[in-house]
Amino acid sequence: MIVDSLGRELRDLRISITDRCNFRCAFCMPEGKDYEFFPREELLSFEEIAKFVKAILPLGIKKVRLTGGEPLLRRHLENLISMLSELGVEDISLTTNGFLLKEKAEVLKSAGLKRVTVSLPSLRDEVLSKIVGREVKASQIIEGILKAIEVGLSPVKVNVCVVKGLNHEEIPEIARFFKGLGVVVRFIEFMDVGTLNGWSLDRVFSVREMLELLQRSFELEPVGRSYRGEVAERYRYKEDGLEVGFISSITQPFCGDCNRLRLTADGKLLTCLFAREGHDVKSLIRRGAKEEEIRDFVVSLWSKRKDRYSEERLELLKKGILPKKIEMFKVGG
Ligand code: SAM
Ligand code: SF4
Ligand code: SF4
C-alpha cells in the first residue's frame, strides 16, 4: 500500500487504450474541431500495458478500468483483458459508449471482463444523435446493455453526463427506463475537463438540482458510501431498493478520497483527471526497465502527489484562472 502526501491510498488504475472515438460528444470532443491523435507507434502495446500493471500490482491496485477515447475501437481488446486477468487482476471493468458492445460483450466476458459502464446521455434518438455528433439510435446502445447483462457482465451501469439545456430535462425519463431494467444509473455533473468542450459554470446542472427533479417522480433515500474513495453519492428508490448514483465533481468535490492513477494510451501517468501534463512511463517500459524500477517510479510519483483540483476550481475561476488541462478523450474519464 502507498499513500500520497495527503494520505490518500493508491487503489485504482484507469487505463486509456486509445484517444480515438467513433462519437463526438458535445461535452467531451465536440464536432467541428481539429483533433490530433497519437500516432500508432506512440500507443502502448498490450504487452507494455501488461508489463506496467504487473509491476505495480504489488502496490495494492484493487481495480483496473479500461477506457479511452472509445476502448472498443482497439482491435482484439479481449487479448489485453486476458493478459490482465492472468496477472491476477480480479476486478477488470470497462467504460464504453456502447456502440459496439452488442457484438463484443460475449468475447470480452470470456476473456475475464467483470463489469461494464455504458455512457448514454439520452434515450431520444434525435437528442442522442445531436449530443454524440452522429446518427445513433438509443435502441442500438440499449441492445448492447442487454447483451452485456445476458452474458453476465455484472453489474452493468449507465453513465449520464448531464448538461443544462442539453439533456437535463430527461433525467426522470432515463431514470424510469433503467429502473425498469434494474440497471443502476449514475448522473454526472458536466465537468471542465480539457479546454475544448465549451464548459462554463452556468451549463452545470448540479446534483442538488438533479435530486430535486428526480424526487418529483420518485421517493429516494440516501445510501452510505460502500468504500472510501467511491465517487458516486448513492441513493435508492424506496419502491424497489434499486440504487441510483450522482457524481458531483463540480458542486461537491471529493478530492479527499481520490485514490486513482491514470495511464494514457501514449504511456503517460496522470495523478489527477485535470492534470496539465503526464509523467512519461513509456520510455521506462520501452528501454526494458525492471519491474522494480517501474514500481519505484510510481511510488515516487504517488508519494509526492498533492492534486485537489476540484476543491480549488471555484477559487481559480473567481480569479479568472483557467488552467490548461488534458482533454477527456485522452485522459479517459
Ligand atoms: N468513450 C467511452 C465512454 O464515453 O464511455 C469512455 C471514455 S469517456 C471520456 C468516459 C466517461 O466520461 C463517459 O462516461 C463520459 O460520459 C464522461 N464524460 C466525458 N466528458 C465529460 C464531461 N465533460 N463531464 C463529465 N463527464 C464526461
Ligand atoms: Fe467518445 Fe466517450 Fe468522449 Fe463521447 S465521451 S466523445 S464516446 S470518448
Ligand atoms: Fe481526484 Fe483530481 Fe478529481 Fe480531485 S480533481 S477527485 S484529485 S481526479
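The values are calculated or read from the model by the stated rules, or taken from the named source; none is laboratory data. These figures come from a predicted structure and were not determined experimentally. Methodologically, a virtual Cβ is constructed for each residue, glycine included, from the backbone with ideal geometry; neighbour enumeration extends over all protein chains shown. Please note that ligands, DNA and RNA were not included when accessible areas were found on the heavy atoms of the full protein model with its side chains. Shrake-Rupley method; radii C 1.70, N 1.55, O 1.52, S 1.80 Å.
Details
- Whole-number percent relative contact order across the chain, with pairs defined as alpha carbons under 8 Å at least 6 apart: 23
- Distance from region 131-151 to region 267-295 (C-alpha centre basis), Å: 34
- Whole-number D in µm² s⁻¹ for region 181-223, Kirkwood Cα-pair radius fed into Stokes-Einstein, 10 °C, 1.306 mPa s: 127
- Among E170, E42, E243, the largest mean-square fluctuation in a Gaussian network model of the chain (Cα springs under 10 Å) belongs to E42.
- The value given for region 86-235 is a Kirkwood hydrodynamic radius of 16.6 Å, derived from the mean inverse Cα-Cα separation.
- Of all DSSP bridge pairs formed entirely within the chain, close to 30 percent run antiparallel.
- Each eigenvalue of the Cα gyration tensor of region 273-333, multiplied by 5 and square-rooted, gives one semi-axis; in descending order these are 30, 14, 8 Å.
- Residues of type lysines that K147 reaches as a straight line, Cα spacing below 29 Å, ignoring anything fewer than 8 places off in the same chain: K62, K63, K102, K104, K109, K114, K130, K137, K157, K179, K238, K330
- Under 11 Å, Cβ to Cβ, from K130 - net charge with Lys/Arg +1 and Asp/Glu -1: -1
- From the largest down, the chain spans 57, 49, 42 angstrom on the principal axes of its Cα atoms.
- Put a plus charge on the Cβ of each Lys and Arg, a minus charge on the Cβ of each Asp and Glu, and nothing anywhere else: the dipole of region 181-333 about its Cα centre is then about 660 debye.
- Of the residues E90, E31, E327, the one with the largest accessible area comes first in the ranking E90, E31, E327, computed with a 1.4 Å probe on protein heavy atoms.
- When Rg and Dmax are taken over the Cα atoms of region 228-322, they come to 17.7, 57 Å.
- Computed FRET value (nearest 0.05) for Q140 with E173, which takes r as the C-beta separation and R₀ as 22 Å: 0.75
- Highest-MSF residue in the chain out of R260, R124, R287 [GNM, Cα springs under 10 Å]: R287
- Largest to smallest principal axis extent of the C-alpha atoms in region 1-154, angstrom: 47, 37, 34
- Charge dipole magnitude, Cβ of K and R +1, D and E -1 - region 190-260, Cα centre, debye nearest 20: 180
- Principal axes of region 168-312: Cα extent on each, largest first, Å: 57, 32, 25
- Sum of side-chain charges, L101 neighbourhood, beta-carbon under 9 Å (Lys, Arg +1; Asp, Glu -1): +1
- Antiparallel bridges, percent of DSSP beta bridges restricted to region 103-241 (to nearest 5): 35
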